[in-house]
1. Taking the range 34-82 on its own, how many of its residues are at positive phi and polar (S, T, N, Q)?
2. Given the options GLY18, GLY35, name the one that is modelled with pLDDT of 95 or more and not in a helix (DSSP H, G or I).
3. Considering only residues that are out of contact with any His (no Cβ under 8 Å at 6 or more places or on another chain) and surrounded by fewer than 16 Cβ atoms within 10 Å (Cβ to Cβ), which ones fall in the range 29-46?
4. What are the residues in the range 47-82 that are without any contact (Cβ under 8 Å) to a residue 24 or more places away in the chain, part of a loop (DSSP other than H, G, I, E, B) and more than 24 Å from GLN14 (Cβ to Cβ), if any?
5. Kindly establish whether THR2 is surrounded by 15 or more Cβ atoms within 10 Å (Cβ to Cβ) and either free of Cβ contacts under 8 Å to residues at least 60 places away in the same chain or of a type in the set (S, T, N, Q) (or both).
6. Checking the structure you have, find out if any residue of the range 28-42 is closer than 17 Å to LEU3 by Cα, in contact (Cβ under 8 Å) with a residue 12 or more places away in the chain, in contact with a strand residue (DSSP E or B) (Cβ under 8 Å, 6 or more places away or on another chain) and acidic (Asp, Glu).
7. Keeping to the range 6-27, report how many residues are farther than 18 Å from ASP58 by Cβ and without any contact (Cβ under 8 Å) to a residue 12 or more places away in the chain.
Amino acid sequence: MTLNDLKNKLETEQHITGSTQIVCGKKCEIPNVLGIYEENGYWYIYDTNDRGKIVILDHGSEEDMTEALYRRVLKVKNRMRK
């Protein structure tokens, strides 16, 4: 899936992620973000800590990282249900 496919899928499905914000396509240095961005040909999945510092969780191709981010969003959603 491409980044645009991921954005469309997340908008259509409207996942409830509590205070965690999902950011696609850019770095965002604020607390409680789960995101994806591209830099120098690599795609990165990141999280931010309580002070907004970026923590890289994984990196790879666009297809692999968009799929991985989507799986992480589903995990956050499932935690919110409990």
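The values are calculated or read from the model by the stated rules, or taken from the named source; none is laboratory data. Given the structure is predicted, the values throughout are model-derived calculations rather than measurements. All Cβ positions, even for glycine, are placed from backbone atoms using ideal geometry, and neighbour counts span all protein chains on display.
1. 1
2. Values: GLY18 fails: modelled with pLDDT of 95 or more.
Every option except GLY35 fails the conditions.
3. Here is the first cut: in the range 29-46, the ones out of contact with any His (no Cβ under 8 Å at 6 or more places or on another chain) are 29-41, 46.
Scanning the range 29-46 gives GLU29, ILE30, PRO31, ASN32, GLU38, GLU39, ASN40, GLY41.
4. Selection gives ASN49, ASP50, ARG51, GLY52, SER61.
5. On the way: surrounded by 15 or more Cβ atoms within 10 Å (Cβ to Cβ): no; either free of Cβ contacts under 8 Å to residues at least 60 places away in the same chain or of a type in the set (S, T, N, Q) (or both): yes.
So THR2 does not fit the description; no.
6. yes
7. 5
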